[in-house]
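Below is one structure, written out as structure tokens; the observations come after it.
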Amino acid sequence: LLQKREKTIAGDERQTLDAVVVGAGAGGLYALLRLKREGRTVRLFEAGSEVGGTWYWNNYPGARVDVPSLEYSYSFDRALQQEWVWPERYSAQPQLQAYFSHVADRYGLRDQITFETKVVSAEFDESRSLWKVRTDGGEVVWARFFIVATGPLSEPIFPKIEGMSTFKGTSVHTGRWKTDGADVAHKRVGVIGTGSSGAQIAPELAKTARKLHLLQRTPAYSVPSQNKVLDAQEIAHLKSNYDAIREHARANRSALGIDVNDVGAFEVSEDERQRIFEERWQYGGLGFTAAFGDLYLDVDANKTAADFVRQKIREIVEDADVADRLMPDTLIGAKRLCVDNGYFQMFNRDNVELVDLRENPLLAIDETGIVTAQGHIDLDVIVYATGFDAFTGSILKIDIRGRGGKELKAVWDSGPRTYLGLCVAGFPNMFIVNGPGSPAGLANMVTLAETEVDWIVDCIQSIDRQGKSEIEAIQEKQDCWGRTLNEMAEQTIYPLANSWYVGANVPGKPRNFMSHLDYPEYVRSCRASAESGYADFRVE
Ligand code: N01
């Protein structure tokens, strides 16, 4: 085995690596760190020019995490946890970027990272049990393990609108602000999209833009973050309770430290229900939809929360017609709930105009702006806050071929299939971090990245200890995992919405609920697999 690892295959004299990691976000960085600590030879390829992943690319004004930063951070090193200072409850992008850069420096990770380089293909060579990985720079590396940490929300999607390419002003996607971003001061700006990105960027741009038009196709539910600067006393208190904070979060389905009220919405009086919603609204953040235990399970219960937010919109937005147009009429939370910093308040500004595309459809884009059914909107900047090809987009951009040269794209033709969200039958020694079939997208992504990477690295160590060279998901187990995911989802409201959770935001994408809904249960499954010596895998 060792001979095989050291054998040179690419025609040059370099050693075959233990692992190639793709992506320097929270998952990839931690994978590199753990593998390095185990004495593994590893290289990480990153398309950007810095680490940070989603927080590198999404540096648009107003970008801010919607999970409290003390939780949205690594837990593997108590010293890091204690020393790093998160100045606000929900950190803005620059702080998140600084954190991931600090992690890369602190643990000496940069030497193994090749920036501004995309992995374009990865092919499993069965005769050698090795992955042949090719980059857009023409480099070929061989590795025993191929770890895909490209992120579930990293491949931006643009709508197809007639004339888009003719626009003479600046066009930028929120997910590519880093490279294409624009200064909008004193400019006329159109923002397309009212998901988390649109709800975050629009209020910030409106502060300096001459005029901001928000083009809304589907009104969004949004709750206030109630973000605040943390004072020294609060930080000290939180840090002295870090273990308890982490433990509490890990016991939640979302791996978030929110207090889940197990009581049903109709088990309390109307007054009490309103009081609880109000309390959650004032506290801020995603915990709003944990106000009652059945908001994600029961449509009528869900409606009580939706009504509460609709009432809030009426109270906040001064113009009643605008408030009407902003009124969501879907289930709350079935699409990812937005967490904002003044989204609805923004519509009270004189320089902000809501364009309701349901009554005034977007027809085309021309050289000078946007054409709607009701006329032309002159613009200098168009911001596409139109989302991502979630879960699969960034993975399938790489031409991945497994056993028998089988393309992952073909295998996932009718939707992504994984075992434990980590492995795919037919693709030995390939692991995915925060991939489809894991709780990614619904759980704290940093916590999940740590959970998964720890599992992956322990697995690699175990395979070597056993003197084996390959681990591969078993088809039947994978099918069973898929059925379990569906059964869990069917008990909830999630499949009812046209969201990125089900792939409905990408035209032609097969509809599948792609996430696991219960982090603690997911951890139990992963642990059981490891404790069985990976008996649920083919190990050879
Ligand atoms: O993307 P989205 P996002 N014409 O898919 C609209 C995470 N995130 O980037 O609903 C007009 O949610 C589309 O309209 P509709 C978070 O998990 C987190 O905002 O399809 N409109 C929708 O309004 C989030 O859920 C943070 O009718 C068009 C919007 O574009 C996920 O990323 C911040 C259109 C897309 O919303 C994705 O959020 C940002 C068209 N042709 C993101 N096509 C935080 O941590 C699409 N739209 C806070």
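The values are calculated or read from the model by the stated rules, or taken from the named source; none is laboratory data. Since the model is a prediction, treat every value here as computed from it, not as a measurement. Virtual Cβ from ideal backbone geometry, glycine too; neighbours counted across all protein chains shown.
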Per the filter on the stretch 114-144, residues among the small types (Gly, Ala, Ser) and either in contact with a Phe, Trp or Tyr (Cβ under 8 Å, 6 or more places away or on another chain) or farther than 26 Å from residue 538 by Cβ (or both) are 122, 137, 138, 143
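To keep it simple, each residue is scored yes or no on (1) charged (D, E, K, R); (2) farther than 22 Å from residue 127 by Cα.
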{"position": "387", "(1), (2)": "no, yes"}
{"position": "396", "(1), (2)": "no, yes"}
{"position": "413", "(1), (2)": "yes, yes"}
{"position": "417", "(1), (2)": "yes, yes"}
{"position": "422", "(1), (2)": "no, yes"}
{"position": "431", "(1), (2)": "no, no"}
{"position": "434", "(1), (2)": "no, yes"}
{"position": "448", "(1), (2)": "no, yes"}
Kindly list the number of the only condition in (1) closer than 15 Å to residue 147 by Cβ; (2) within 16 Å of the ligand (Cβ to nearest atom) that fails for residue 113. (2)
The lone condition residue 163 fails out of (1) touching a strand residue (DSSP E or B) at 6+ places or on another chain (Cβ under 6 Å); (2) away from the ligand (no atom under 16 Å from the Cβ); (3) among the small types (Gly, Ala, Ser); (4) more than 30 Å from residue 454 (Cα to Cα) is (2)
Among the residues of the stretch 280-301, the number that are over 22 Å from the mean Cα position of the chain (by Cα) and within 26 Å of residue 227 (Cβ to Cβ) is 7
Here's a check for you: in the stretch 116-150, which residue that is out of contact with any strand residue (DSSP E or B) (no Cβ under 9 Å at 6 or more places or on another chain) and touching a residue at least 40 places away in the same chain (Cβ under 8 Å) is nearest to the ligand (Cβ to nearest atom)? 116
When residue 295 is evaluated against the numbered criteria (1) within 16 Å of the ligand (Cβ to nearest atom); (2) assigned to a loop (DSSP other than H, G, I, E, B); (3) crowded, with 18+ Cβ neighbours inside 10 Å, which criterion, by number, is the only one it fails? (1)
Starting from residues that are of a type in the set (D, E, K, R) and in contact (Cβ under 8 Å) with a residue 40 or more places away in the chain, keep the ones in the stretch 187-210 and report whichever is farthest from the ligand (Cβ to nearest atom). 210
List pairs: first residue in the stretch 491-502 and within 21 Å of residue 193 (Cβ to Cβ), second residue among the small types (Gly, Ala, Ser) and near the ligand (Cβ under 9 Å from one of its atoms) anywhere in the structure, Cβ distance under 7 angstrom, at least six positions apart or on different chains. 498/504; 500/387; 500/390; 501/441
Residues of the stretch 356-393 being crowded, with 19+ Cβ neighbours inside 10 Å, outside any strand (DSSP E or B) and away from the ligand (no atom under 13 Å from the Cβ), which ones? 379, 380, 392
List every residue pair whose Cβ atoms lie under 9 Å apart, where the two residues are 6 or more positions apart in sequence or sit on different chains, the first residue falls within the stretch 458-476 and is touching a residue at least 60 places away in the same chain (Cβ under 8 Å), and the second residue, located anywhere, is among the polar types (S, T, N, Q) and surrounded by fewer than 16 Cβ atoms within 10 Å (Cβ to Cβ). 468/462; 471/462
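To keep it simple, each residue is scored yes or no on (1) at pLDDT 95 or above; (2) over 18 Å from residue 118 (Cβ atoms); (3) part of a strand (DSSP E or B); (4) among the aromatic types (Phe, Trp, Tyr).
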{"site": "27", "(1), (2), (3), (4)": "yes, no, no, no"}
{"site": "36", "(1), (2), (3), (4)": "yes, yes, no, no"}
{"site": "56", "(1), (2), (3), (4)": "yes, no, no, yes"}
{"site": "60", "(1), (2), (3), (4)": "yes, yes, no, yes"}
{"site": "80", "(1), (2), (3), (4)": "yes, yes, no, no"}
Among strands (runs of 3 or more DSSP E) entirely within the stretch 92-149, at least 1 residues that are modelled with pLDDT of 95 or more and closer than 30 Å to residue 68 by Cα occur in 140-148
Need pairs with beta-carbon distance below 8 Å; first residue over 18 Å from residue 361 (Cα atoms) and touching a residue at least 12 places away in the same chain (Cβ under 8 Å) and within the stretch 156-169, second surrounded by 13 or more Cβ atoms within 10 Å (Cβ to Cβ) and basic (Lys, Arg); sequence gap 6+ or separate chains. 156/176
Within the stretch 171-179, is even one residue aliphatic (A, V, I, L, M), within 30 Å of residue 387 (Cβ to Cβ) and surrounded by fewer than 18 Cβ atoms within 10 Å (Cβ to Cβ)? no
Tell me which residues, restricted to the stretch 428-459, are within 15 Å of residue 65 (Cβ to Cβ), not hydroxyl-bearing (Ser, Thr, Tyr) and not in a loop (DSSP other than H, G, I, E, B). 445, 446, 448, 449
Only one of (1) buried (at least 20 other Cβ atoms within 10 Å of the Cβ); (2) of a type outside the set (Ser, Thr, Tyr); (3) in a strand (DSSP E or B); (4) more than 11 Å from the ligand (Cβ to nearest atom) does not apply to residue 184, and that is (3)
Could you list all residues from the stretch 394-419 that are small (Gly, Ala, Ser) and either more than 16 Å from the ligand (Cβ to nearest atom) or over 22 Å from the mean Cα position of the chain (by Cα) (or both)? 402, 404, 405, 410, 414, 415
Which residue out of 378, 413, 399 is under 22 Å from residue 483 (Cβ atoms) and of a type in the set (Asp, Glu)? 413
